[in-house]
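Data first, discussion second: the structure below is written as structure tokens.
The values are calculated or read from the model by the stated rules, or taken from the named source; none is laboratory data. Note that the structure is a prediction, hence the values are computed from the model and not measured. Cβ atoms come from the backbone with ideal geometry, glycine included; neighbour counts cover every protein chain shown.
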There are 2 protein chains.
Amino acid sequence: MYFGVDIGGTSIKVGAFNSGKLVEKWSIKLDFKTAEELVDAIYNSIISRYDSIGGIGIGCPGFIIDNFISSSANIHFLNQTNLVTLFHLKTNAKIRLVNDANAAALGEAFFCGYKNLLFVTLGTGVGGGLVINGNILEGAHGAGMELGHLHNDDVYNFTCGCGKKGCVETLSSATGLVNIAKSLVGKYKTSVKEPFNAKRIFDGAKENDELATKAVEIFSDYLGKALANACILVDPGIVMLGGGVSNAGEFLLVRVQEAFKKYALPIIQDTKIILAALGDEAGMYGAYYLVANKED
Amino acid sequence: MYFGVDIGGTSIKVGAFNSGKLVEKWSIKLDFKTAEELVDAIYNSIISRYDSIGGIGIGCPGFIIDNFISSSANIHFLNQTNLVTLFHLKTNAKIRLVNDANAAALGEAFFCGYKNLLFVTLGTGVGGGLVINGNILEGAHGAGMELGHLHNDDVYNFTCGCGKKGCVETLSSATGLVNIAKSLVGKYKTSVKEPFNAKRIFDGAKENDELATKAVEIFSDYLGKALANACILVDPGIVMLGGGVSNAGEFLLVRVQEAFKKYALPIIQDTKIILAALGDEAGMYGAYYLVANKED
């Protein structure tokens with residue numbers, strides 16, 4: 001059995017895979033203070049269910065190079081840790097570690113049969129993962145496809161969590177959509193309930209609420225521009241949208257596709273933009289593929 | 001013997017390589033009307049000098065996928081042609097074709113011993129090539145690292161050759177620098193001679209000409225922003241500046257490095273930005289490496 005682990009901000013998802021199939025999944029609440037405790041919990045949860053471990057793949061937030069977490073903004077106790085070494089105190093099984101968005105990208109790419117894929121996760125922030133010829137682009141600093149921090153705006157100038165202004169995720173995330181909607185209050189009529197959130201705004205737009213419609217239009221325009229900019233650099237042929245905001249579905253997709261065409265160079269305008277297939281299991285799948293299918 | 005060919009807008013450079021060393025180079029004036037004539041000229045120039053051909057690598061402007069030129073804006077008669085097939089009417093030697101900026105990227109990367117490199121050529125336009133793990137990122141449409149068409153500006157809004165506004169090459173090319181300088185006339189004092197060109201403006205800036213200094217400052221700021229945006233997506237660790245404008249040397253480099261730091265996410269701020277090593281031989285070297293060293 002191989003195991004795919006997806007470490008999130010509040011919980012850890014673990015999937016048990018057999019011959020490419022997810023046969024069981026469970027989650028562990030993330031309430032640890034050290035990397036050792038986290039590794040203990042994952043290892044114990046696996047070994048209490050299965051006798052042997054073929055390998056464990058792990059997706060984790062942060063900048064990761066060659067299995068080493070150089071920094072993790074969300075889970076501070078993982079900064080400068082080597083989870084592989086910690087796991088190897090317990091098992092000789094193969095352990096592989098990768099950034100969570102990259103894991104999701106790899107999961108979707110393998111599952112859907114794409115050798116090249118730009119995967120974009122639209123949640124509280126914006127994450128990205130690029131698969132080229134079946135391999136993740138990790139980058140020299142583990143910053144490969146940090147799409148959320150592409151400079152994409154000189155108009156709204158919202159401050160990003162990274163300290164800079166104009167990053168993609170200041171506009172094209174759930175937080176960004178709320179930022180935009182708030183900036184439109186007083187300028188457009190609305191019956192969207194406060195406090196604003198991404199779902200309420202999308203629901204409003206679907207019912208032609210004036211403010212919500214305008215907010216989604218701006219959101220989609222900036223996202224389309226960001227994707228056009230990414231595609232003119234890495235030309236993946238296929239872009240996949242995942243994460244909570246992508247639950248807005250076709251309604252979001254057609255608007256983003258239209259904006260993409262507005263900004264994209266003619267040669268790449270037939271790039272497919274599609275919705276993710278695996279939902280919140282993508283990270284587990286990708287972590288599994290990484291450890292089960294990749295050469296060392 | 002292996003041969004590296006670099007097809008440019010006005011001439012074709014050919015290099016003969018032996019065990020990694022460039023042993024002879026010559027050029028052919030580009031005054032052909034068909035792809036057949038071009039192939040004839042290259043083949044005849046080689047076979048008149050050398051008895052046997054181990055392989056021919058070719059760098060060529062345009063969007064190229066798997067040796068096929070889907071479009072070439074500069075050399076129209078090469079649109080939708082397969083130069084490999086044409087060469088194979090004359091020789092059974094291995095023939096490989098790649099975009100010219102990608103060839104230059106590969107040439108610099110191999111020559112300097114970098115497995116990962118973002119190469120940027122600053123000339124009349126702006127080209128880019130990305131080498132990841134020793135391989136060129138060609139892209140699904142052959143548009144990999146078309147940095148010149150990254151949307152980078154909503155202030156000047158100069159129209160690009162591609163028809164869009166705000167592309168990197170409307171500001172950060174030789175043409176772009178002239179665009180910027182012209183827009184500053186009347187606002188800053190200058191003794192730079194008209195008609196403006198990139199060399200005159202850089203020379204002026206080096207002597208503290210007010211307008212030229214401001215133009216180079218704006219040019220460098222936008223270029224630094226473009227490079228920061230590219231690096232947050234592909235995180236190469238090393239960026240190399242080539243092309244005619246890069247002859248401005250250290251004077252340009254320090255300004256671009258400073259602007260890069262202003263826009264780059266902290267994790268990638270130590271990305272090295274350096275000047276190209278091979279000058280106008282990079283394309284020949286890259287085309288040679290492609291055919292001599294790469295697996296099929």
Worksheet item: For the subset of the range B:146-173 comprising residues that are within 11 Å of chain A (Cβ to nearest Cβ), over 19 Å from B:S71 (Cα atoms) and of a type in the set (D, E, K, R), which member is surrounded by the most Cβ atoms within 10 Å (Cβ to Cβ)?
Response: B:D153
Worksheet item: Quick one: in the range B:11-34, which of the residues that are within 17 Å of B:N74 (Cβ to Cβ) and in contact with a strand residue (DSSP E or B) (Cβ under 8 Å, 6 or more places away or on another chain) is surrounded by the fewest Cβ atoms within 10 Å (Cβ to Cβ)?
Response: B:K29
Worksheet entry | Test: B:A226 is within 11 Å of chain A (Cβ to nearest Cβ), within 21 Å of B:G283 (Cβ to Cβ) and in a helix (DSSP H, G or I) | no
Practice prompt. Go over the candidates B:L83, B:L118 one by one and state the one that is closer than 18 Å to B:L290 by Cα and not assigned by TED's automatic domain parsing to the domain that holds B:Y288.
Written response: B:L118
Item to complete: Check off (1) assigned by TED's automatic domain parsing to the domain that holds A:M240; (2) touching a Ser or Thr at 6+ places or on another chain (Cβ under 9 Å); (3) under 22 Å from A:L252 (Cα atoms) for A:G142 and give me the number that stays unchecked.
Response: (3)
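Quick one: is B:G176 outside any loop (DSSP other than H, G, I, E, B), more than 24 Å from B:L118 (Cβ to Cβ) and touching a helix residue (DSSP H, G or I) at 6+ places or on another chain (Cβ under 7 Å)? Quick ask: steps written out before the conclusion?
On the way: outside any loop (DSSP other than H, G, I, E, B): yes; more than 24 Å from B:L118 (Cβ to Cβ): no; touching a helix residue (DSSP H, G or I) at 6+ places or on another chain (Cβ under 7 Å): yes.
So B:G176 does not fit the description; no.
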Discussion item. Please determine whether any residue of the range A:199-212 is surrounded by 15 or more Cβ atoms within 10 Å (Cβ to Cβ) and of a type in the set (S, T, N, Q).
Written reply: no
Worksheet item: Taking A:G4, is it surrounded by 22 or more Cβ atoms within 10 Å (Cβ to Cβ), under 30 Å from A:C160 (Cβ atoms) and modelled with pLDDT of 95 or more?
Response: no
Response to the item:
Scanning the range A:274-295 residue by residue, the ones that are in contact with a strand residue (DSSP E or B) (Cβ under 8 Å, 6 or more places away or on another chain) and either surrounded by 21 or more Cβ atoms within 10 Å (Cβ to Cβ) or closer than 17 Å to A:L97 by Cα (or both) total 14
Discussion item. Consider the range A:213-223. How many of its residues are away from chain B (no Cβ under 14 Å) and either crowded, with 24+ Cβ neighbours inside 10 Å or under 24 Å from B:G128 (Cα atoms) (or both)?
Written reply: 4
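Regarding B:A287, is this residue away from chain A (no Cβ under 14 Å) and in a loop (DSSP other than H, G, I, E, B)? So that I can check it myself, show each step before the final result.
On the way: away from chain A (no Cβ under 14 Å): yes; in a loop (DSSP other than H, G, I, E, B): no.
Against the criterion (away from chain A (no Cβ under 14 Å) and in a loop (DSSP other than H, G, I, E, B)), B:A287 does not qualify.
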Item to complete: Answer yes if at least one residue in the range A:76-95 is crowded, with 19+ Cβ neighbours inside 10 Å, part of a loop (DSSP other than H, G, I, E, B) and modelled with pLDDT under 95, and no otherwise.
Response: no
Worksheet item: Within the range B:9-19, can one find any residue that is assigned to a loop (DSSP other than H, G, I, E, B), at negative phi and not basic (K, R)?
Response: yes
Discussion item. Looking at the range A:96-137 only, could you name the residues that are in a helix (DSSP H, G or I) and not aliphatic (A, V, I, L, M)?
Written reply: A:D100, A:N102, A:G107, A:E108, A:F110, A:F111, A:C112
Fill in: Candidate set: the range B:110-143, residues that are at the interface with another protein chain (Cβ under 8 Å from one of its Cβ atoms), surrounded by fewer than 24 Cβ atoms within 10 Å (Cβ to Cβ) and among the small types (G, A, S); chosen: the one nearest to B:F158 (Cα to Cα)
B:G142
Response to the item:
The one condition B:V234 fails out of (1) touching a helix residue (DSSP H, G or I) at 6+ places or on another chain (Cβ under 7 Å); (2) under 21 Å from B:S173 (Cβ atoms); (3) without any contact (Cβ under 8 Å) to a residue 40 or more places away in the chain is (3)
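The rows are residues; the columns are (1) more than 25 Å from A:D31 (Cβ to Cβ); (2) among the aliphatic types (A, V, I, L, M).
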{"site": "A:I58", "(1), (2)": "no, yes"}
{"site": "A:G62", "(1), (2)": "no, no"}
{"site": "A:F68", "(1), (2)": "no, no"}
{"site": "A:A73", "(1), (2)": "no, yes"}
{"site": "A:H88", "(1), (2)": "no, no"}
{"site": "A:N99", "(1), (2)": "no, no"}
{"site": "A:L106", "(1), (2)": "yes, yes"}
{"site": "A:C112", "(1), (2)": "yes, no"}
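Condition test on B:S191, is it hydroxyl-bearing (S, T, Y) and outside any helix (DSSP H, G or I)?
Against the criterion (hydroxyl-bearing (S, T, Y) and outside any helix (DSSP H, G or I)), B:S191 qualifies.
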Practice prompt. Mind listing just one residue for me: the one in the range B:252-279 that is touching a residue at least 12 places away in the same chain (Cβ under 8 Å), more than 23 Å from B:R200 (Cα to Cα) and assigned to a loop (DSSP other than H, G, I, E, B) and, of those, farthest from the other protein chains (Cβ to nearest Cβ)?
Written response: B:L278
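Report yes if A:A282 is closer than 28 Å to A:G59 by Cβ, away from every other protein chain (no Cβ under 14 Å) and either in a helix (DSSP H, G or I) or out of contact with any helix residue (DSSP H, G or I) (no Cβ under 6 Å at 6 or more places or on another chain) (or both), otherwise no. So that I can check it myself, show each step before the final result.
Values: closer than 28 Å to A:G59 by Cβ: yes; away from every other protein chain (no Cβ under 14 Å): yes; either in a helix (DSSP H, G or I) or out of contact with any helix residue (DSSP H, G or I) (no Cβ under 6 Å at 6 or more places or on another chain) (or both): yes.
Yes.
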Discussion item. Looking at the structure I just gave you, is A:G204 touching an Asp or Glu at 6+ places or on another chain (Cβ under 7 Å) and assigned to a helix (DSSP H, G or I)?
Written reply: no
Fill in: Tally, over the range B:138-157, of residues that are in contact with a strand residue (DSSP E or B) (Cβ under 6 Å, 6 or more places away or on another chain) and not in a loop (DSSP other than H, G, I, E, B)
3
Worksheet item: Taking the stated definitions as given, is A:G249 at positive phi, within 14 Å of chain B (Cβ to nearest Cβ) and either of a type in the set (G, A, S) or in contact (Cβ under 8 Å) with a residue 12 or more places away in the chain (or both)?
Response: no
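Hey, any hits in the range B:178-188 for a residue that's of a type in the set (A, V, I, L, M), within 14 Å of another protein chain (Cβ to nearest Cβ) and either touching a strand residue (DSSP E or B) at 6+ places or on another chain (Cβ under 9 Å) or more than 26 Å from A:G237 (Cα to Cα) (or both)? Don't jump to the end; show me each part of the working.
Residues of the range B:178-188 that are of a type in the set (A, V, I, L, M), as a first pass: B:178, B:180-181, B:184-185.
Keeping just the survivors that are within 14 Å of another protein chain (Cβ to nearest Cβ) gives none.
No - not one qualifying residue is present in the range B:178-188.
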